[in-house]
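If you scroll down you'll find the structure; I have some questions about it.
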Amino acid sequence: MTDDLPGRFRTLWDEIAPIGRDAGSGGYLRYALTEPELELRNWFRSQADRRAMPVTEDGNGNLFAHWGDPEAGDAVLTGSHFDSVPHGGAYDGPLGIVSAFLAVDELRAAGVAPGRPLVLGAFVEEEGARFGVPCLGSRLLTGALPVDRAAGLRDAAGVSFAEALGDQPAGARPELLGRFGAFVELHVEQGRALVETDAPVAVASAIWPHGRWRFDVVGEGNHAGTTRMADRRDPMLTYAFTVLAANKEARLRGAHATVGRVAVEPNATNAIPSKVTGWLDARAADPETLSGLVDAVRGKVAERARRDGTAVTLTEESATPLVAFDGGLAGRLATLLDAPVLPTGAGHDAGVLAAHLPTAMLFVRNPSGVSHSPAEAATDADCAAGVRALARVLEELTCR
């Protein structure tokens, strides 16, 4: 196809690279429907305009750019998301959108005329960093999340999703979802498997089941200097035990458990907390292992709370089952690209859409193996390889 794709990738990438970047950490603060993400959404519209691709919205915050009739059926959908975790990396999400536009350029330069419509998507609140529920936009589109619950989700400042969206979300759109015949999401790899196999691109086989659970631990607030140690009902002790228990139980099972967020009341240095709230992210290769992990943590924490004189409740905030991508499609694409096939422990909009239409994912090599961090990386050459792979996949799906 066209020459100097790494250079053209870099030119397009540099248009969005400064948006939402924190000067101190070097990471990104691109929360859903905040100024940086809104700027990126405008960039999406401008890129679509350059390519004469009309843009539509689904009423849930998701954007779609169309090559072909927007109302025609059996369309091939590709894309990803713009939002980030706090101080996240540059590639997680936006790489899939930038690569999709460049793949369109590659196809057009090669004179490809798709026999099926091609749609580029930008999904809202994939990370769940602002409103707490990951893949919020795709869950709404597919009906996996009730409208009332989504509308009432609030960020740390008390702003609801409906307020940020500017309207009540539309919820399930079966007539729109029914126009898509397949979905392919390109994403930076969030691990080092491609480094170890010395391959620039892989095809995904499955997404581990995973979820988020909130621990609310209530004790008795009191003075740090006058309350005897024996008289304390300190929820921080119970919470600290929760973190250690989750780590131990995950290691025993070959699973993953992470506690990366905590809120303390009253959050004073010289006060025993009255309440500590933490969030557990748990993932495993199969549902039984994940359930066993969460149940073990729940039981151990309940026993610790009795000893500490505290009360603890565990609330499931989101859960995603095991997603096995369409085996026939994954195998077809792996053969087409001569690429390895890998599972992933990270959640994606592709995991939500896979329950409704044939879905596949492509991974682009990440030399650092680090993600959700400023250290997340990909070379321009590997990103260009990802674009070429995506273009081949889209040509295969739209023309054959």
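The values are calculated or read from the model by the stated rules, or taken from the named source; none is laboratory data. Quick caveat: nothing in here was measured; it's all calculated off a predicted structure. With ideal geometry, Cβ positions are generated from the backbone for all residues, glycine too; neighbour counts draw on all protein chains shown. Calculation scope for accessible area: heavy atoms of the full protein, side chains included, ligands and nucleic acids excluded. Shrake-Rupley method; radii C 1.70, N 1.55, O 1.52, S 1.80 Å.
Excluding Phe363 itself, what net charge comes from residues whose Cβ is under 11 Å from its Cβ, given Lys and Arg +1 and Asp and Glu -1?
Summing Lys and Arg as +1 and Asp and Glu as -1 gives -2.
Still on this model: Over the stretch 265-393, what is the relative contact order in percent, taking alpha-carbon pairs closer than 8 angstrom and at least six residues apart?
Relative contact order for the stretch 265-393 comes out at 16 percent.
Taking Cα atoms, how many degrees apart are the long axis of helix 94-109 and the longest axis of the chain, rounded to 10 and kept between 0 and 90?
10 degrees
Please list, in chain and number order, the residues 5+ apart from Cys135 or on another chain whose amide H is under 5 Å from its amide H, with Hs placed from the backbone.
Here Glu126, Glu127, Gly128 satisfy the definition.
Using just the C-alpha positions of the stretch 183-286 as equal point scatterers, what log10 of I(q)/I(0) does the Debye formula give at each q in 0.15 1/Å?
Listed by q, the Debye log ratios stand at -0.76.
A follow-up question, please. Taking the solvent-accessible surface of protein heavy atoms with a 1.4 Å probe, what is the per residue accessible area of the chain in Å²?
Per residue, the chain has an accessible area of 40 Å².
Computed from the mean reciprocal separation of all distinct C-alpha pairs, what Kirkwood hydrodynamic radius does the chain have, in Å?
22.2 Å
Find how many whole Å separate the alpha carbon centroid of the stretch 41-56 from the alpha carbon centroid of the stretch 91-128.
After rounding, the separation between the Cα centres reads 11 Å.
Would you mind telling me the share, in percent, of accessible area of the chain contributed by carbon and sulfur at probe 1.4 angstrom?
C and S atoms contribute 51 percent here.
When only Cα pairs under 8 Å and 6 or more residues apart are kept, what is the percent relative contact order across the chain?
Over the chain, the number comes to 23 percent.
Can you tell me how much longer the chain between Ala271 and Ser25 gets when fully stretched, taken as 0.36 nm per residue apart minus their C-alpha distance, in nm with one decimal?
The Ala271-Ser25 span can extend by a further 85.5 nm.
Would you please give the residues with an amide H less than 5 Å from that of Val341, counting only those at least 5 places away or on a separate chain, with H modeled from the backbone geometry?
Excluding prolines and chain starts, which carry no amide H, the hits are Val203.
With θ set to phi - 60°, apply the Karplus curve 6.51 cos²θ - 1.76 cosθ + 1.60 along the stretch 290-297 and write out the HN-Hα couplings as whole Hz, x wherever there is a Gly or Pro.
So the Karplus estimates, Gly and Pro as x, are 5, 4, x, 4, 5, 5, 5, 5 Hz.
Next question. Just need log10 I(q)/I(0) for the stretch 1-48 at q = 0.13, 0.32 Å⁻¹, Debye formula, equal scatterers on the alpha-carbon atoms, no solvent, rounded to two decimals.
Once normalised to I(0) and log-transformed, intensities are -0.38, -1.13.
So, in nm, how far is label Thr379 from label Glu303 when the simple model puts each one 7 Å beyond its Cα toward the Cβ?
It is 5.1 nm.
What list of ³J(HN,Hα) values in whole Hz, one per residue of the stretch 340-345 in order, does the Karplus curve 6.51 cos²θ - 1.76 cosθ + 1.60 (θ = phi - 60°) give from phi, with Gly and Pro shown as x?
Ordered by residue, 3J(HN,Hα) equals x, 10, 10, x, 9, x Hz.
Along the Cα-to-Cβ line of Arg51, 7 Å from the Cα, sits a label point; which residues in the stretch 369-400 have backbone N less than 13 Å from it?
Flagged as within label range: 387-388, 390-392, 394-395.
Right, another one. If you add up the charges near Arg332, with Lys and Arg at +1 and Asp and Glu at -1, over every other residue whose beta carbon is less than 15 angstrom from its beta carbon, what do you get?
Charge balance near Arg332 sits at -2.
From the P(r) of the stretch 274-400, could you give the percentage of C-alpha pairs in the tail past 21 Å?
58 percent
For the stretch 217-222, in order, what is each residue's ³J(HN,Hα) by Karplus, 6.51 cos²θ - 1.76 cosθ + 1.60 with θ = phi - 60°, in whole Hz (x at glycine and Pro)?
Taking θ as phi minus 60°, the curve returns 10, 10, x, 10, x, 6 Hz for the stretch 217-222.
Run the numbers on the stretch 37-126 and let me know its relative contact order in percent, using alpha-carbon pairs under 8 Å that are six or more apart.
39 percent
Continuing with the same structure: Of all DSSP beta bridges in the chain, what percent run antiparallel (nearest 5)?
In the chain, approximately 70 percent of DSSP beta bridges are antiparallel ones.
Now for a separate question. Quick one: Kirkwood hydrodynamic radius for the stretch 103-144, alpha-carbon pairs, angstrom, one decimal?
Final number for the Kirkwood radius of the stretch 103-144 is 12.6 Å.
A further question follows. Please compute the modelled spin-label separation between Glu316 and Leu244, points set 7 Å along Cα→Cβ, answer in nm with one decimal.
2.9 nm
Let me ask something else. Within 14 Å, Cβ to Cβ, of Ala110, how many net charges do the neighbouring residues add up to if Lys/Arg are +1 and Asp/Glu are -1?
Charge balance in the 14 Å sphere: -2.
State the three equivalent ellipsoid semi-axes of the stretch 155-229, derived from the C-alpha gyration tensor as the square roots of 5 times its eigenvalues, in descending order and whole Å.
Semi-axes (√(5λ), whole Å): 42, 29, 12.
For the pair Glu196 and Thr11, how long in nm is the line joining their label points, each one 7 Å along Cα→Cβ?
Computed distance between label sites Glu196 and Thr11 equals 3.9 nm.
What value, in deg cm²/dmol to 500, does the helix sum -39500 (n - 2.57) over DSSP H runs of n ≥ 4 give at 222 nm once divided by the residues of the chain?
-11500 deg cm²/dmol
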